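Have a look at the structure below before the remarks.
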Amino acid sequence: MRQTKRRLFVFFAVFVVVSLLAAGCGNSEEDTDQKADEQAGQAPEPLDTTSEEVIASYDGLTSGEVKEGEFNRFLNIVMTVNPQMAMFVEQEELKDQMLSQYIASKSIAPKVEATSEMEDEASELVESVKQQYDEMQGEDKQFAAYLEEQGFTEDDLHRFFVDNIKVEHYFNEEVTEDDLRDGYNRLKEEKDLRLYKAKVRHILIQENEERDDAAAKKRAEKVKQKLDSGEDFAELAKEYSDDPGSKESGGSLGDELTPLATAAGPTYVQSFGEAVRDLPLNEVSDPVKSDFGYHIIEVLEREQLEFEAAKDLVQADVWTKEYQHYVDNELKIEMKQS
């Protein structure tokens, strides 16, 4: 599913505005994350796709109208491919933002002729979704029947991917080498975590039934003192670390350089990733607080991606910004009152 997740990120990246609104519409970040986790394990209830009511008109690269049924079909596809998006559909303001994003895609896609390569990639993505379904559900129910229950067909899913690819292609055609250079330099100035790979080991001290936050911090400080006095990191990890996945390997989080973040999101929680980015090599950190507890971190190796290696990442960033500029400044949308 790696290819599917990469392509889907490109599509869902255009929902940046929606994500920001989610944090500001009465939900804390913790509440939003909790809802996303809950939605990830549930099959969202499909929306009705039969309504012919016109809910919006638009004028941009192309002009037209949107019917309630077709938009609901789009939402059904989004929620099926990524159930976490269902949390947005439940809130009217966020749903309106998703409608704007759908209209933007609908207004752009007709300007791009689908190539055989686009069709082939869309077919591969459909097959990836099917494989994921088979792995999760087995073969008790045919994929086509499952999609029908969700309110759309395999052809609808294919068109969804083709339109997504068309939109990306349209804006990528506008991106120049200078744009990419500027984008790369901007990410370097921002010290974007996606530009870094590192080999790391850590010792994690968590709260538990016997130790509160203050006691966990004190225990982490004790481990740091032992390290400062010359005791072995790997041995202390085995003795003290509360991370079962790394303690027996001396706190190692992998033998290879690992990206601190990717197009799909951060590899580590923010505070941990930033510490790994900024910590001098082969120096042991003071306790770093995260949602998991207190970390003692040592960065053994680290690399920053050069321009050529970061080109795909930068291109996705640049075209997504151009897309959002189109949505905000060039696309005219009139929502119909129900």
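The values are calculated or read from the model by the stated rules, or taken from the named source; none is laboratory data. Not measured: the values here are computed from a predicted model. Please note: Cβ atoms are built from the backbone with ideal geometry, for glycine as well, and neighbour counts cover all protein chains shown.
Odds and ends about this structure:
- Of all residues assigned to segment 38-46, at least one qualifies as being at pLDDT 85 or above and buried (at least 17 other Cβ atoms within 10 Å of the Cβ).
- Just one of (1) in contact with a strand residue (DSSP E or B) (Cβ under 7 Å, 6 or more places away or on another chain); (2) not in a helix (DSSP H, G or I) fails for residue 71. It is (2).
- Scope segment 250-267; condition assigned to a loop (DSSP other than H, G, I, E, B) and either out of contact with any strand residue (DSSP E or B) (no Cβ under 8 Å at 6 or more places or on another chain) or small (Gly, Ala, Ser) (or both); matching residues: 250, 251, 254, 263, 264
- Flag for residue 134 being under 25 Å from residue 70 (Cα atoms) and in the same structural domain as residue 74 (by TED's automatic domain parsing): no
- Test: residue in segment 224-243 that is under 13 Å from residue 198 (Cα atoms) and of a type in the set (S, T, N, Q): no
- For segment 308-330, taking the residues that are buried (at least 16 other Cβ atoms within 10 Å of the Cβ) and of a type in the set (A, V, I, L, M), the one that is nearest to residue 107 (Cα to Cα) is identified as 327.
- When 145, 109 are checked against the criterion of being among the hydrophobic types (A, V, I, L, M, F, W, C), more than 19 Å from residue 46 (Cα to Cα) and over 21 Å from the mean Cα position of the chain (by Cα), a single residue qualifies: 109.
- Residue 296 vs. criteria under 30 Å from residue 108 (Cα atoms), among the β-branched types (Val, Ile, Thr), outside any loop (DSSP other than H, G, I, E, B) and in contact with a helix residue (DSSP H, G or I) (Cβ under 6 Å, 6 or more places away or on another chain): no
Each row is one residue, and each column tells you yes or no for (1) assigned to a loop (DSSP other than H, G, I, E, B); (2) of a type in the set (Asp, Glu); (3) within 23 Å of the chain's Cα centre (by Cα).
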position: 167; (1), (2), (3): no, no, yes
position: 182; (1), (2), (3): no, yes, no
position: 197; (1), (2), (3): no, no, yes
position: 204; (1), (2), (3): no, no, no
position: 211; (1), (2), (3): yes, no, no
position: 218; (1), (2), (3): no, no, no
